[in-house]
Amino acid sequence: MAETMPHSAATSPAFAAPGRDAQAVFRAALTALSEPGRVIDLPVELETGLPVGSAALALLLALADGDTPLWLDARASDAAGFFGFHTGAAVVAAPQVARFALIADAAGCPPLHHFALGEEEYPDRSATLIIELTRLAEGGPLILSGPGIADRRQLSLAGLAPSFLADWAANHALFPRGVDIFFTCGTRLCGLPRSIRLEGRCM
Amino acid sequence: MPEIDASQAERARWMSCLSQADPASLEAAWAGLHPSPPHRWLRQPETGLVMLRGRAGGTGQAFNLGEMTMTRAAVRLEGDRPATGFGYVAGRNRRHAELAALFDALLQDETRRPALLSGLIAPLQAPAEAARASRAAEIAPTRVDFMTMVRGDG
């Protein structure tokens, strides 16, 4: 009898302790968005063989479900079976209908306005992007300011395209509409809600 | 309803049998497997609700019959013939869902299938079939056949 599912990530387990791990993810995501620029370590290990870090996978496992269409970039496309099985999320081809987007190749991230930006009356009907970086650390040339930050916070990022800062400035100008971002790197994550202003350099 | 082929129908039959089997028989059969096949859980048993659908009159319009508590599990059997097994059982018995998933995975292995079909599935199906047949035989004499004359529309 033929295998109904291919080998590899489609048939990798999700959380080892679903209740505990999902709560840890919610807590981390809440902290990350309410204190933008803090790098949070997420102690959830996932072995999937996918070219995406545990923090990004864990965020989607906890947050995505059958009501949140998911867009995956080319590098993350192998994760479709994994998320379909564990979350029931529909993987969509069109970025503008997705509620979550997983960008495993940060430099190739589509322009932010290609994603759902929400409406004036319903700004929450927008996409949340999870972008995997090659480097994410507190302190550095990128300066964040805005709600949730007393004065300023600084970050070092690597992996984004040079156009990202201009793209983000355009997203910021759309407030209350716009997208929100979680940056991830391995087991670490950092929140960037649309209300935050970015200055300085990404590299 | 989508078309299903013979091998899918066979799998559906054994999955149905495992779901309705007495969990103690499954546990005994699992304990009898030496060595215990290596496996890891894709989905540990989780209990939830499913909506049962019916059709009016058996063939008419679909409607929601009601919700039923159900427990499901999914396991990946490792080794040289890996397979993914799914267990769905009515009620809350987590171990039953685990065993149904484990045996579904084992039955997909063609080298183990004949022994399991004859040693596990057939003995479980036999009493259920016998009970169904005897109940049908009890009811059959009470059947009333109506004959209706269809009158043409004048």
Kindly establish whether residue B:103 is among the aromatic types (Phe, Trp, Tyr), within 12 Å of another protein chain (Cβ to nearest Cβ), within 15 Å of the chain's Cα centre (by Cα) and surrounded by 12 or more Cβ atoms within 10 Å (Cβ to Cβ).
-> no
Do we have residue B:125 as in contact (Cβ under 8 Å) with a residue 60 or more places away in the chain, buried (at least 17 other Cβ atoms within 10 Å of the Cβ) and more than 19 Å from residue B:23 (Cβ to Cβ) here?
-> no
Answer residue from region B:62-94, given it is within 12 Å of residue B:43 (Cα to Cα) and surrounded by fewer than 20 Cβ atoms within 10 Å (Cβ to Cβ) and is nearest to the other protein chains (Cβ to nearest Cβ) among those = B:86
Residue, farthest from the other protein chains (Cβ to nearest Cβ), within region B:15-51, restricted to residues that are in a helix (DSSP H, G or I) and touching an Asp or Glu at 6+ places or on another chain (Cβ under 7 Å) | B:18
Filter the strands (runs of 3 or more DSSP E) completely within region A:88-179 down to those with at least 1 residues that are surrounded by fewer than 18 Cβ atoms within 10 Å (Cβ to Cβ).
-> A:135-145, A:153-158
Sort out which residues of region A:49-87 are crowded, with 18+ Cβ neighbours inside 10 Å and within 14 Å of another protein chain (Cβ to nearest Cβ), and write them in order of number.
-> A:61, A:82, A:83, A:85, A:86, A:87
Verdict on residue A:15 being within 30 Å of residue B:9 (Cα to Cα) and either of a type in the set (Phe, Trp, Tyr) or modelled with pLDDT of 95 or more (or both) = no
From B:46, B:78, B:67, residue being over 17 Å from the mean Cα position of the chain (by Cα) and modelled with pLDDT of 95 or more | B:67
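The values are calculated or read from the model by the stated rules, or taken from the named source; none is laboratory data. Since the structure is predicted, the reported quantities are computational estimates derived from the model, not experimental observations. Note: ideal-geometry Cβ built from the backbone for every residue, glycine included; neighbour counts use all protein chains shown.
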